[in-house]
Amino acid sequence: MLSKVLKTIIIGPPGAGKGTISTRIVKDFGMKHLSSGDILRKHIMEGTATGLAAKHHIDKGELVPDRVMVDIFITELRHLHNHSWLLDGFPRTVKQAEALHRVEPVDLVINLKVPFEVIMERISNRWTHISSGRIYHSEFNPPKVTGKDDVTGEDLIQRDDDKPETVRQRLQTFQNMTEKVLDFYRERDLLTEFQGSESNEIWPRVHKFLSTIKTPLHYTEYK
Ligand code: AMP
């Protein structure tokens, strides 16, 4: 557990294991995890005005406007007074980061630096059995018979989302968007980067870092 309330952000490209690391942080450090995608999906399911406004953009593959995102998060964070939190998926733009900084300045930002080639390799070797959702990896978790589901014997497919070109595009878009947000926090000495290929390799360092937090925090690179 932490000796002080910590306001934190986790950033990492899709496929970098951000979900796994976040779950472990929440479990070991008692932080409240606020994922922008989850919050938006909840608003959409509940049919709130915010949900309706957000859905319009999400369906078109666009970002939800900064003003909407900032309102959502400021409201959520108001309920979390005196509680440590971990933001995931927010802020995604410098405008969002600036707004958050004015209202609820964060203590630290964790950036997961997993090489794009590693993510590409992991995702583009993924094969899915569509009707059950079972996932295989050609190298680490191969099906008994190449291209066939172990249980039903049906064909496995590569989802469009997992095709190398699509993954590369998604990673590039992520990088273009987050670079400025990372700079924002780097300039304020709030960024700590964790480099590695796998969650099990990165996690002990994140754990150690959070366990030994002392203020003031300085920019560090945990290789
Ligand atoms: P995610 O599950 O994080 O991929 O989020 C799903 C969708 O919600 C994204 O594709 C965006 O349209 C929207 N979204 C999530 N977080 C943000 C954010 N911080 N700013 C703008 N749009 C967001």
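Against the conditions (1) crowded, with 20+ Cβ neighbours inside 10 Å; (2) at pLDDT below 95; (3) away from the ligand (no atom under 16 Å from the Cβ), P13 satisfies every one except (3).
When we screen I130, I213, I135 for residues that are in contact with a strand residue (DSSP E or B) (Cβ under 7 Å, 6 or more places away or on another chain), touching a residue at least 24 places away in the same chain (Cβ under 8 Å) and on the phi < 0 side of the Ramachandran plot, the only hit is I130.
Screening V206 with (1) open to solvent by 10 Å² or more (accessible area, probe 1.4 Å); (2) in contact (Cβ under 8 Å) with a residue 12 or more places away in the chain gives one miss only, at (1). Going by the conditions given, is T20 surrounded by fewer than 20 Cβ atoms within 10 Å (Cβ to Cβ), assigned to a helix (DSSP H, G or I) and in contact (Cβ under 8 Å) with a residue 40 or more places away in the chain? Criteria met by T20. Only one of (1) open to solvent by less than 60 Å² (accessible area, probe 1.4 Å); (2) not in a loop (DSSP other than H, G, I, E, B) fails for R170. Which number is that? Failing condition for R170: (1).
The values are calculated or read from the model by the stated rules, or taken from the named source; none is laboratory data. From a predicted model like this one, the values you see are computed outputs, not experimental measurements. Glycine gets a Cβ as well: all are built from the backbone with ideal geometry, and neighbour counts include every protein chain shown. Side chains included, ligands, DNA and RNA excluded: accessible areas come from the protein's heavy atoms. Shrake-Rupley method; radii C 1.70, N 1.55, O 1.52, S 1.80 Å.
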